[in-house]
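Notes to accompany the following structure.
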Amino acid sequence: MTYDRIHVPAWAAPASGAPLARTTIERRALGADDVLIAIEYAGICHSDIHTVRGDWGPQPFPVVPGHEIVGVVAEVGSAVTSHRVGDRVGVGCLVDSCRECVNCERGDEQFCLNGSVGTYAATDRDGTTTQGGYSTHVVVDAHFVMRVPEGIDPAAAAPLLCAGITTYSPLKRWGAGPGKRVAVVGLGGLGHMAVKIAHAMGADVTVLSQSLKKQEDALRLGADHYYATSDPATFDRLSGEFDLVINTVSASLDANAYLRLLAVDGAIVNVGAPPRPFSVAPMSLIYGRHTLAGSMIGGMAETQEMLDFCAEHGIGADIEVIAADAVNEAYERVLASDVRYRFVIDAATIG
Ligand code: NAP
Ligand code: ZN
Ligand code: ZN
């Protein structure tokens, strides 16, 4: 059975910086390759906030954010063989790409040479603007729909679709594992996933947080060590200590101070995406043969691999489930670094 376009409730930012409010949006008719998902949970990523607050430039308002989506398949198109009605599935930051360019072929759909399509505030292949997961239903091409393994609580699985893959991908690429000293800067949504995943990979994990407030939590999440960056002695004490630093901070940091923490051949991978650039002294890179790198989410195969890894290791996000009408308050708490450690909207409260 297929259907025509449907109208579904959602929460949208009507304009840059304006509070989110309930609205109705249209989802496209189910195509042959599409999956209709009845959304159960949608995580709140700091990128949602950057987007609707205008940190990343003008946006096609109204914007329905949300790219950490978990739900149940309600309908599949005639050509879909990978998912069945009733399956628990997830959608992350991407809903389309060309599937033909060299980057797509390699499994790096996020770097599609013909332009990957973001889950919200992007131009879809039919020319409409994509709308994200703070909604009850979404229609997505099956290639961009992941299997959520049994054994991960569906609400705790939602943040894996962005925070999970964004940290898993660089941890794996830069060899987090036994004998590697990994520092995670910022213990928010991404940071707490980085701690759990790096610990599960066998690395020695240090959290660098602004204050000592999250110390107990960090150790419970799997960190071996914890330091407050507000203490200037931290930077002297930890000079040259790390093989890999994953920077998840949503604001600009003093890159030179963190480069000093690297051992010879160490790398900082920046996944935080603050609007302002940071400056780097060449000597911070030259001395110690340091690498300053970045990483953006992950491809579809790697996202599935991450979900399977998390299921195998019993990893979900630490979440606070909220009703949709608490979203604006939740944004304020994220901005105040007061999230423990991901807000997830219960989609049953959206309708
Ligand atoms: P989040 O939950 O708000 O966590 C960010 C953490 O950074 C905060 O909890 C806080 O940790 C620390 N922090 C915040 N402001 C700070 C400041 N002024 N100085 C020092 N530390 C500060 O955000 P998130 O959802 O994890 O996202 C983090 C960043 O990653 C955002 O910029 C987001 O857009 C970006 N992102 C990138 C990708 C990618 O593909 N590269 C994907 C998703 C998100 P402490 O309290 O521990 O200090
Ligand atoms: Zn995100
Ligand atoms: Zn492509």
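Tabulated data for the structure shown
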item	result
Residue ID - surrounded by the fewest Cβ atoms within 10 Å (Cβ to Cβ), chosen from residues in the range 157-197 that are away from ligand 2 (no atom under 16 Å from the Cβ) and either assigned to a helix (DSSP H, G or I) or β-branched (Val, Ile, Thr) (or both)	Arg173
Any hit, the range 60-68, residues being of a type outside the set (Phe, Trp, Tyr) and within 15 Å of His137 (Cβ to Cβ)	yes
Filtered residue count, the range 217-259, keeping only those that are acidic (Asp, Glu) and under 23 Å from Leu171 (Cβ atoms)	4
For Ser279: the one exception among (1) more than 30 Å from Ser116 (Cβ to Cβ); (2) surrounded by fewer than 18 Cβ atoms within 10 Å (Cβ to Cβ); (3) not aromatic (Phe, Trp, Tyr)	(1)
The range 52-105, residues that are among the hydrophobic types (A, V, I, L, M, F, W, C), away from ligand 2 (no atom under 16 Å from the Cβ) and out of contact with any Lys or Arg (no Cβ under 8 Å at 6 or more places or on another chain)	Phe61, Ala74, Ala79, Val80, Val85, Cys98, Cys101, Val102, Cys104
Close pairs from the range 45-56: first buried (at least 22 other Cβ atoms within 10 Å of the Cβ), partner of a type in the set (Val, Ile, Thr) and not in a loop (DSSP other than H, G, I, E, B), Cβ under 8 Å, at least 6 apart	His46/Val334; Thr51/Val63; Val52/Val63
Residue in the range 43-56 that is of a type in the set (A, V, I, L, M, F, W, C) and either more than 17 Å from the chain's Cα centre (by Cα) or assigned to a strand (DSSP E or B) (or both) present	no
Residues satisfying the stated conditions in the range 135-174, i.e. under 26 Å from Ser78 (Cβ atoms) and hydroxyl-bearing (Ser, Thr, Tyr)	Ser135, Thr136
Within the range 114-131, tally of residues that are part of a loop (DSSP other than H, G, I, E, B) and within 16 Å of ligand 3 (Cβ to nearest atom)	6
Unmet requirement for Glu109, which otherwise passes all of (1) within 16 Å of ligand 2 (Cβ to nearest atom); (2) within 30 Å of Ile322 (Cβ to Cβ)	(2)
Cross-chain or 6+ apart pairs with Cβ under 9 Å, the range 5-16 first and over 15 Å from Tyr120 (Cα atoms), then part of a strand (DSSP E or B) and acidic (Asp, Glu)	Arg5/Glu26; Ile6/Glu26; His7/Glu26; Val8/Glu26
Residue tally, condition out of contact with any Lys or Arg (no Cβ under 9 Å at 6 or more places or on another chain), of a type outside the set (A, V, I, L, M) and either more than 19 Å from Ile319 (Cα to Cα) or within 16 Å of ligand 3 (Cβ to nearest atom) (or both), over the range 169-198	10
Within the range 261-351, strands (runs of 3 or more DSSP E) holding 2 or more residues that are within 26 Å of Asn103 (Cβ to Cβ) and more than 16 Å from ligand 2 (Cβ to nearest atom)	262-270, 291-294
Any chance Thr2 is modelled with pLDDT of 95 or more and either on the phi < 0 side of the Ramachandran plot or assigned to a loop (DSSP other than H, G, I, E, B) (or both)	no
Residues within the range 66-113 that are in a loop (DSSP other than H, G, I, E, B) and crowded, with 20+ Cβ neighbours inside 10 Å, tallied	9
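The values are calculated or read from the model by the stated rules, or taken from the named source; none is laboratory data. Computed from a predicted structure; not experimentally measured. A quick note on method: Cβ atoms are made from the backbone with ideal geometry, for glycine too, and the neighbour counts reach across all protein chains shown.
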